[in-house]
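Here is the structure we will look at, set down as structure tokens.
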Amino acid sequence: MTTPKICMVGSSMVDLISRIPRFPGPGPGETVHGTAFHLGYGGKGSNQAVMAARLGAQVSVVVKLGRDVFGEGTAKNYREQGIDDTYVMFDDERFSGVAPITVDEETGQNAIIVIMGANFGLTPAEVRNARPAIWAADVVMCQLEIPIESSLEAFRVAKERHDPITTIMNPAPAAALPRELLQITDILVPNEVETAMLSGMSVSTVDECIAAAKALQRQGPRSVILTLGERGALVLEGDEPPHHVTAPRVQAVDTTGAGDAFVGSLAYFLAAGKPMVEAAQRAVAIASRSVLKIGTQTSFPYRDEVAELLT
Ligand code: RIB
């Protein structure tokens, strides 16, 4: 098997994670005692890139960091993960992206604020300049933590190559997507919240998920995969019948980044030539492992820990 090649055009954050006995509120004004704090590397794009690299993909990133201690650490983290840093750029004006995160220690569920900072300085021209990295990939993945025009440019560049490059859009955090972007997205991968926001439909039951996935597919993407947390994933591939991939039952301690573990793994398995449903089944299994440990990238398994899923 040739090594899967993946290019991630997107975000990097430093995650400031507090474990709390319960979320404060409802409403403003309440202070609650947190029980633990962790600082780690995150950002949806970075997480997805790291996950794919840990499984054995050759990964490059097109990202923008602040010229500060978080930016330096993030650049070092990319190198340590074996990720090609040719297109790691720095913004002279903005601070690195950060994400204050609270995790309910009872359920492992989280609430996240993202402050895009330098990520927002990644321009379409800089993305186009990274064409060698994009064209070298089997799969290009984007999220919505950089300017949407820059994600659009990444997919435009990907589609200009003679042999088509698979484009995966993880529309997180949810925002209205331009028509052109949806049409050059091969696989749209929203979670439940993003699906409800983008489709305006409920996703409480599997039947509702199927209806919402079909509604999103009608907007342009060839395939739609909904990530459904403990309910697994719903795969709608082209004209094939929808397929519900169930997740193993686990006791989650921290769900932060599980969706990114899924997307990074999905990209890896697709680039490795696996059929879509099989790729999603393996990605669900890996994402389920990631919720068993505290932290974001710190919870993602390495290749040798999931060897049985890589054959
Ligand atoms: O999906 C989890 C990620 O969302 C965190 O790492 C945080 O940085 C935000 O981007």
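Scan region 6-24 residue by residue and report those that are within 30 Å of Thr166 (Cα to Cα), within 12 Å of the ligand (Cβ to nearest atom) and part of a strand (DSSP E or B). Answer for region 6-24, where residues must be within 30 Å of Thr166 (Cα to Cα), within 12 Å of the ligand (Cβ to nearest atom) and part of a strand (DSSP E or B): Met13, Val14, Asp15. Scanning region 128-181 for residues that are outside any helix (DSSP H, G or I), of a type in the set (Asp, Glu) and more than 16 Å from the ligand (Cβ to nearest atom), which turns out nearest to the chain's Cα centre (by Cα)? For region 128-181, the residue satisfying everything is Asp138. Restricting Gly82, Gly27, Gly56 to those that are away from the ligand (no atom under 16 Å from the Cβ), exposed (fewer than 15 other Cβ atoms within 10 Å of the Cβ), closer than 30 Å to Arg161 by Cα and of a type in the set (Gly, Ala, Ser) reduces the list to Gly82.
Just one of the listed residues (Val88, Val14) is under 19 Å from Ser151 (Cα atoms) and β-branched (Val, Ile, Thr), namely Val88.
Could you count how many residues in region 226-257 are within 16 Å of the ligand (Cβ to nearest atom) and in contact with a strand residue (DSSP E or B) (Cβ under 8 Å, 6 or more places away or on another chain)? Quick ask: steps written out before the conclusion?
Of the residues in region 226-257, the ones within 16 Å of the ligand (Cβ to nearest atom) are 226-229, 233, 252-257.
Filter once more, keeping what is in contact with a strand residue (DSSP E or B) (Cβ under 8 Å, 6 or more places away or on another chain): 226-229, 233, 254-257.
Total meeting the criteria: 9.
Can you name every residue in region 1-52 that is β-branched (Val, Ile, Thr) and touching a helix residue (DSSP H, G or I) at 6+ places or on another chain (Cβ under 6 Å)? Residues satisfying the conditions are Ile6, Val9, Val14, Val50. All of Thr227, Thr195 fail the test of being in contact (Cβ under 8 Å) with a residue 12 or more places away in the chain, more than 17 Å from Asn47 (Cβ to Cβ) and buried (at least 22 other Cβ atoms within 10 Å of the Cβ), apart from Thr195.
Here, each number is a calculation from the coordinates, and none is a lab measurement. The structure presented is a predicted model; accordingly, all values stated were derived computationally and were not measured. Because the Cβ atoms are built from the backbone with ideal geometry, glycine has one as well, and the counts that use them run over all protein chains shown.
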